[in-house]
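Each remark here refers to the structure printed beneath this line.
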Amino acid sequence: MAVTDTRPQPSYQWIEHISATNFGIIALALIMPVLANDFILFQVFGWAFILGTIALSLQFLAGYGGMVSLLQMTVAGLAGYGVALFGDSGAALSLGWPWWLNIPVAIIVAGIFATLVGALAVRTEGIYTIMITLAIASAFFYFARQNYPIFNGYTGFNLVIPPQLFGVDWRQPVPFYYLTLGAATLSFICVLYVSRSPFGLALQGVRDNPRRMAALGFNVTMHRIYAYTFASFFASIGGILLVWQNAQVSPGTVGLPNVFDILVIAVVGGLRHPIGPFIGALIYCVLRAFAPDILLAFGLSGERFKMLIGLGFLAIVFWSPDGVLGLWDRWKARRSANADPLTGKARGGSA
Amino acid sequence: MRAFTQRYPVWSALIGLAALILLYAIFAPWSDAAEDIFGRKRIFLNALFGGITLGALYFLVASGFTLIFGLMKNVNLAHGSLYLFGGYMGYLWVDLTGLWIWAFPVVFIIVALIGVVLQYVVFRRMEGEDLRQTLVTIGIGIVAADIMLWIWGGQSYTILTPEWLSGPTKLPIISSIRDSGEIVYLSYPQVRIAILVASIVIGLGMWFALNKTRIGMLIRAGVDDKEMLTATGVRIQLVFVGVFAFGAGLAGIAGIVGGTFQSISPGEDTRFLLASLVVVIVGGMGSIPGAALGALIIGLADQLGSVYMPTYSVVLSFLIMALVLAFRPQGLLGGGR
């Protein structure tokens, strides 16, 4: 955060705000299809952008609103179910609406659900929120598994594919990569923008001191509920993309392991900045793709992947509660503590 | 009780009336007209008693959860894993020795030891950081679920009921009257009755221990104000370890109970975690009587729901939870926090 920087700033062009590192990352992301093969594009990066977008909604709620909600995967799954139900799928239940109708309706339905649950959850605070959202998330899982008229029960919906827009098959690795990259980038910028808007600042005020904000005349409850509504939008986008990637949605999509995975991703990445969830998601997907090989090398079965993720999560929570971002910040702080304040170069032991 | 009736006369009357109707529905034979509307009486009775027994099981799991939560503000999301582990341990013990009743103390001690380790090694290091503790319990839950899947695989196990508890018993409750005028009494599995009785005994024991003993006094004082209790010279860490061990042990023996009258398999941990969550949210977080009431309500909702509205039984418990949250966020018997 550069809020302490009070020197008069010369007026830059917008492009000059982008630092060299960020510019490199953007360029790398854009030319990635040249470098990586289809598996990496589709299964690692595509998936990481999707999970990152869903985890971004949790980051917004937890990082700016102070509400750790385990609901985001459920909202994402509901939006995915919405697309499958209102749009086309292999199941006879689907209504077959065109894409420009079923996607907005799915997002709105998921948003209404998130708002209602948010209205319930904000009646409590802190760990109570975790308990309530976890209970609702698992209730939704069991409900989706039992319910045949809407959610098609145990099997769910299969053959849910993105529309053939502009003559492109969006499920091909390269178009899908750009689709998820675009969705993730837009969501990221949107969250970053809102976090600095009056609403986002008020939400952070509510996080830090709700009584004071209430005394200042802010409606604390409504800010929290709106945060749920706003965050549901990104979760929905991620959920729809997830369903398109897997071409199916079933109760397993919203099962508790996946619900916890989103939390793990957001916490491992770091909850303080919107880039955190994407870092966490990338680590998760890389691990997921290559863990079987690593585990096999140690003589363990590749199925022990969950244990690896769980242990990594435990290690992060133990030693760096603010995730990889926290590690990064600490490394930078140590480096700047070592650096000479005048020249910026390392002091070379004279300190 | 008297204070409640004086404060809410209308509600008390309604609750009393409902209880009378329920008693009548249980003991009186149903007329044909009633059976036409509500279905066979036997089905109703079975669902009712099944619900009460399930409530007893839920109470065993949830009471440890709520006790730990009330004292240490630690939402132990690995509680379901302790339940499942207790179930597997009980299965191993019964399989090896065949002594069903001895499985309870053995498993209680094993799982309680795990609880001691968890509290002493993990949670003591992050006291007061409830969010971090909760995250750690999630991590432990993930790892534990995977290790147990590794060891015991995906199949489900059922713990053998001992001979002296197997088979049904006749209850002095009329199930139906045959056309010949012969009275059919309700028969019900003995083991379930044993479970119910055992849960009531454990619940009463906990109530007595909490309200009438010195240790219970310490725990209640700790729930109300930890700092003051520490200031009076109580070694609160010992109380914490004891309570965590006891709660974990209860989850462990609940695993044996669940493994005997249902079965144990991967996924049961999250099922019972959900049950404990809903039970303590409905009953009131940190309250033992609340856990009992919540467990009864959720158990009944589960069983009656699955008989009378099969596809929506989960939604029924969920709906109850949402209603409680909307109108009484601290839970039915929960105090202010």
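The values are calculated or read from the model by the stated rules, or taken from the named source; none is laboratory data. Since the model is a prediction, treat every value here as computed from it, not as a measurement. Ideal geometry is used to build each Cβ from the backbone, glycine not excepted, and the neighbour counts take in all protein chains shown. Remember, those area values only see protein heavy atoms, side chains included, never the ligands or the DNA or RNA. Shrake-Rupley method; radii C 1.70, N 1.55, O 1.52, S 1.80 Å.
Centroid-to-centroid, using Cα positions, the range A:18-52 and the range B:230-259 are 49 Å apart. Most fluctuating residue of B:Ile43, B:Ile151, B:Ile200 in a GNM of chain B with Cα springs under 10 Å: which is it? The residue with the greatest mean-square fluctuation here is B:Ile151. Overall, the range B:201-334 carries a charge dipole of about 320 debye about its Cα centre when +1 sits on the Cβ of Lys and Arg and -1 on the Cβ of Asp and Glu, all other atoms neutral. In the elastic network of chain A, a GNM with C-alpha springs shorter than 10 Å, the most mobile of A:Gln72, A:Gln172, A:Gln43 is A:Gln172.
Taking θ as phi - 60° and the Karplus parameters 6.51, -1.76 and 1.60, the scalar couplings of the range B:250-256 work out to 4, 4, x, 6, 4, x, 5 Hz in sequence order, x denoting glycine and proline.
Put +1 on the Cβ of each Lys and Arg and -1 on the Cβ of each Asp and Glu in the range A:36-338; which of A:Ser232, A:Leu287, A:Thr221 then has its Cα farthest toward the positive end of the dipole? Checked the options; the winner is A:Thr221. Projecting the Cα atoms of B:Val223, B:Leu113, B:Leu14 onto the charge dipole of chain B, computed from C-beta unit charges around the Cα centre, puts B:Val223 farthest toward the positive end.
Remark on B:Thr169: its backbone amide H falls under 5 Å from those of B:Tyr188, B:Gln190, a criterion applied only to residues 5 or more positions apart or on other chains, H modelled at 1.01 Å from N.
I'd like the carbon and sulfur percentage of the solvent accessible area for the range A:36-338, probe radius 1.4 Å, heavy atoms only, ligands and nucleic acids excluded. With neighbouring chains kept in place, the figure for the range A:36-338 is 68 percent.
Charges were assigned to the Cβ only: +1 to each Lys and Arg, -1 to each Asp and Glu. The resulting dipole of the protein assembly as shown about its Cα centre is roughly 1640 debye. List the residues of the range B:127-168 for which accessible area in the full set of protein chains is at least 50 Å² lower than for the chain on its own; 1.4 Å probe, protein heavy atoms only. Listed in order, they are B:Leu131, B:Arg132, B:Leu135, B:Ile138, B:Ile142, B:Val143, B:Asp146, B:Trp150. The phi torsions of the range B:114-120, fed into the Karplus equation with coefficients 6.51, -1.76 and 1.60 and a -60° offset, translate into couplings of 4, x, 4, 4, 4, 5, 6 Hz, rounded to whole numbers, with Gly and Pro shown as x. For B:Lys170, the lysines whose Cα falls under 28 Å of its own Cα, not counting residues fewer than eight places away in the same chain, are B:Lys41. Compared with its chain on its own, the range A:82-131 contains the following residues whose accessible area drops by 40 Å² or more in the full protein assembly (probe 1.4 Å; ligands, DNA and RNA excluded): A:Leu120, A:Arg123, A:Ile127, A:Tyr128, A:Ile130, A:Met131. Normalised per residue, the accessible area of the range B:54-269 is 44 Å², obtained with a 1.4 Å probe and no contribution from ligands, DNA or RNA. Between the amide H of A:Gln248 and those of A:Val160, distances stay under 5 Å, these residues lying 5 or more places away or on another chain, with hydrogens modeled in the peptide plane. Dividing the helix sum by the residues of the protein assembly as shown, where each DSSP H run of 4 or more adds -39500 (n - 2.57), gives a mean residue ellipticity at 222 nm of -22500 deg cm²/dmol. In the full protein context, the range A:36-338 carries 41 Å² of accessible surface per residue, based on a 1.4 Å probe and ignoring ligands, DNA and RNA. Placing a pseudo-label 7 Å from each Cα along the Cα-to-Cβ vector at B:Tyr120 and A:Phe23 gives an inter-label distance of 5.9 nm. Summing Cβ point charges (Lys, Arg +1; Asp, Glu -1) relative to the Cα centre of chain B gives a dipole of roughly 840 debye.
Residues of the range A:289-309 buried by at least 20 Å² of accessible area upon assembly of all protein chains, compared with the chain on its own (1.4 Å probe): A:Leu300, A:Arg304, A:Lys306, A:Met307. Amide H contacts of A:Leu70 (H built 1.01 Å from N, in plane; Pro and chain starts excluded): A:Thr133, A:Leu134 sit under 5 Å, all sequence-distant by 5 or more or on other chains.
Taking other residues whose beta carbon is less than 10 angstrom from the beta carbon of A:Pro162, and scoring Lys, Arg as +1 and Asp, Glu as -1, yields 0. Taking the protein heavy atoms of the range B:54-269 in the context of the full set of protein chains, the accessible area attributed to carbon and sulfur is 66 percent at 1.4 Å.
Ignoring ligands, DNA and RNA, how much accessible area is buried between chains B and A, both sides summed, with a 1.4 Å probe, to the nearest 100 Å²? Rounded to the nearest hundred, the buried surface is 3800 Å².
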